[in-house]
């Protein structure tokens, strides 16, 4: 378990993390979301003891990170894929980490095989592609077989096979009862991987919910029904009289507030020909954008 209580971090006049409190429970993948500059990386660094909080606490398994006798056996992390010394081989990088945490050398071979780098064990880290560097970072996180894992953008640089592999691996860790905190900007992957979400903006907690509840609550108008008909304008008026909200295009309608079966029944009753009737679920991306629109620090011009 990871527990944050009133965690705050100031850099001079800049308030990077502001009185942040939440719990990451075992057995679930917790997605950690926020716009650029929201304070996600700073928060993860404080959990790992790399940055000292200005106030508040961050504990792993009930202890501050520096109090853990063998940290890699308690918490594995991937914050920066390029953390390995470029002139050190993959095997030597992991071996030195194992030795500092009193782990057997045999564990190095195990994790290299697990992440698909067994054949590259003797290659220097500086020769690795971005995707191979990610795999080496994941191997380091798994080295101590820890009950807690923190991962920042783990799919960065991976090919489609690698993305599927890491998604399956992460889901498997949680199924084993491990605590997983996952940060990513890829909403499609987060929707497939996470069980619950913690969302921050400008250093403050702005939402914490199961992923289905989050999408339902924050996706603006919510689920819609796509309707294609040659009588779009007249059918839109009939839908609105029945209580639906309708966005009208040349030959299509986006309907909210009415289910697809009800739209179909109304069309049949009115004799309106339908070329398409498709329910569209609100997406995690739509929910995230709606929730964080006022918390974006670095936004593109519109």
(request) Kindly list the number of the only condition in (1) in the same structural domain as residue 254 (by TED's automatic domain parsing); (2) at pLDDT below 90 that fails for residue 237. (result) (2)
(request) Output the number of residues of region 209-242 satisfying the condition of being surrounded by fewer than 16 Cβ atoms within 10 Å (Cβ to Cβ) and within 17 Å of the chain's Cα centre (by Cα). (result) 3
(message) Looking at 199, 227, can you tell me which residue is in contact with a strand residue (DSSP E or B) (Cβ under 8 Å, 6 or more places away or on another chain), touching a residue at least 12 places away in the same chain (Cβ under 8 Å), more than 25 Å from residue 171 (Cα to Cα) and not in a helix (DSSP H, G or I)?
(response) 227
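Quick grid of which residues meet (1) modelled with pLDDT of 95 or more; (2) surrounded by fewer than 16 Cβ atoms within 10 Å (Cβ to Cβ):
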{"residue": "72", "(1), (2)": "no, no"}
{"residue": "89", "(1), (2)": "yes, no"}
{"residue": "92", "(1), (2)": "yes, no"}
{"residue": "109", "(1), (2)": "yes, yes"}
{"residue": "133", "(1), (2)": "no, no"}
{"residue": "143", "(1), (2)": "yes, no"}
{"residue": "149", "(1), (2)": "yes, no"}
{"residue": "155", "(1), (2)": "no, no"}
{"residue": "158", "(1), (2)": "no, no"}
(message) Looking at the structure I just gave you, is residue 164 surrounded by 22 or more Cβ atoms within 10 Å (Cβ to Cβ) and within 20 Å of residue 29 (Cβ to Cβ)?
(response) no
(message) Go through region 170-190 and report how many residues are touching a helix residue (DSSP H, G or I) at 6+ places or on another chain (Cβ under 8 Å) and surrounded by 14 or more Cβ atoms within 10 Å (Cβ to Cβ).
(response) 10
(request) Please determine, by comparing only the residues of region 249-273 that are assigned to a strand (DSSP E or B) and closer than 23 Å to residue 216 by Cα, which one is modelled with the lowest pLDDT. (result) 256
(request) Determine whether region 78-86 contains at least one residue that is at pLDDT 95 or above and either crowded, with 20+ Cβ neighbours inside 10 Å or closer than 22 Å to residue 140 by Cβ (or both). (result) no
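The values are calculated or read from the model by the stated rules, or taken from the named source; none is laboratory data. Just so we're clear, the structure is a prediction, and the values are computed from it rather than from any experiment. Neighbour counts run over all protein chains shown; Cβ positions are idealised from the backbone, glycine included.
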